Amino acid sequence: MLRRSARSLPLRTLPIRTSGIRTSGIRTSGRIFAAAALAVSAIGLGSAASAAPAGTKGGRPTIEKDLFGTVGGTKVWRYTLTSGKVRVRIITYGGIVQTIETPDRRGRTTNVALGFRTLADYVANNNPGPYFGALIGRYANRIAKGTFTLDGVTYHLPINNDPNSLHGGDKGFDTKVWTATPGQTHDAVSLRLDLTSPDGDMGYPGTLKSTATYTLSGSALRIDYRATTDKATVVNLTNHSYFNLAGEGTGTIYGHRLRLPASRYTPVDSTLIPTGQLAPVAGTPLDFRRATAIGERIRDGHQQLVYGRGYDHNWVIDGSGFRLHARVSEPGSGRVLSMYSDQPGIQFYSGNFLDGTLYGTSGRAYRQGDGFALETQHFPDSPNQPQFPSTVLRPGQTYKTSTVYAFSTEGS
């Protein structure tokens, strides 16, 4: 979490634009927007540009809504959040980030997030599949053999990544339609998504009430996760967006330069389950403490890269508290993505299993290495690894974590 506390703002009612139709005001607390603005300030980025680019109103961020489709008779909405030259589209199915448009060093804006054009594509191909842009729960990453024991009781989860359970199972949070509440202040727009997962859902104990709030302020997108339960359970929430900072559908990300402030990582076995070690990155192709091109060592014969067919590992981020987790730059466009979080780890995945059979929003095929994912998280298989930081949530406790995606440019 941020070390400084955000100044509380008064409760206010503000109108939200939905496809040009004005709706009734929505009462929202200003705290989340103050926190988002504080995060932007803390990472050295300015507020929204003083000029009013397309998609803003009088220089203020805006939020719009349109119908994206239906799933099982339930309407799925798409919300477009715009702040300055940054525009983010989020759908209520899976809480999915469909697109992120951000400028390059010359001010030219393009979409840098991988995703599908239609709701039907997400329903048919995202799970099992790449999980493009989705909110992941109840447990991000893998749980060995789909079992864990908590308070003497053994729980069994779906095996959807043989022989393990992955990303909450075959009907995880990425397949649910979340309830949306948009919000707006003078310098930020937000979308709060709520989901209740009943006791026994995908084998997990307890009724879990989860909230993910997307806030766009200036050129930073913040996600605040919250969850409560009525029975002891395990929780590990994240977002599974893929990026290509040169532009979605433009080719591989191997020339992107990645820095991970992590001296250690969690080695995996052949099924990508951690061995339990916290191994040093020094002397291995997993050392990204200095900015290094993603493709520079990806075809190294190191056993860990053989297991993952590239990078698909959890790094142990140095330090504690709300801090830098990753920085990625793309030399051609000058775009930079800096990620901040309070989580102990981050999963870096280099798009190893994209095989050309999926077509994105640009109509182009996604092939191996055409996007990367960076998922802030607790470590994989933590429920079975007592030496890892605990992911147990009990009644009366609140699961809280935040991640900021800050976009900027460098070079000339």
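The values are calculated or read from the model by the stated rules, or taken from the named source; none is laboratory data. Computed from a predicted structure; not experimentally measured. Glycine gets a Cβ as well: all are built from the backbone with ideal geometry, and neighbour counts include every protein chain shown. Remember, those area values only see protein heavy atoms, side chains included, never the ligands or the DNA or RNA. Shrake-Rupley method; radii C 1.70, N 1.55, O 1.52, S 1.80 Å.
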Worksheet item: Can you pull out the trypsin sites (Lys or Arg not before Pro) in the range 104-144 that DSSP calls coil and that have at most 12 other Cβ atoms within 10 Å?
Response: R106, R108
Item to complete: Using label points projected 7 Å from each Cα along Cα→Cβ, tell me how many nm separate T181 and D300, to one decimal.
Response: 4.8
Worksheet item: Label points 7 Å out from Cα along the Cβ direction at K231 and T196: separation in nm?
Response: 1.6
Fill in: Residue-normalised accessible area of the chain, expressed per residue, 1.4 Å probe, Å²
39
Worksheet item: For the range 231-240, in order, what is each residue's ³J(HN,Hα) by Karplus, 6.51 cos²θ - 1.76 cosθ + 1.60 with θ = phi - 60°, in whole Hz (x at glycine and Pro)?
Response: 8, 3, 8, 10, 9, 7, 9, 7, 10, 10
Response to the item:
Under the helix-only model (-39500 (n - 2.57) for each DSSP H run of 4 or more, divided by the residues of the chain), the mean residue ellipticity at 222 nm, to 500 deg cm²/dmol, is -1500 deg cm²/dmol
Discussion item. Accessible area of the chain with a 1.4 Å probe: how many percent of it is carbon plus sulfur?
Written reply: 48
Fill in: Relative contact order %, the chain, counting alpha carbon pairs below 8 Å whose residues are six or more apart
17
Item to complete: Per residue of the range 349-354, in order, report the coupling 6.51 cos²θ - 1.76 cosθ + 1.60 (Karplus, θ = phi - 60°) as ³J(HN,Hα) in whole Hz, putting x for Gly and Pro.
Response: 10, 9, x, 5, 9, 5
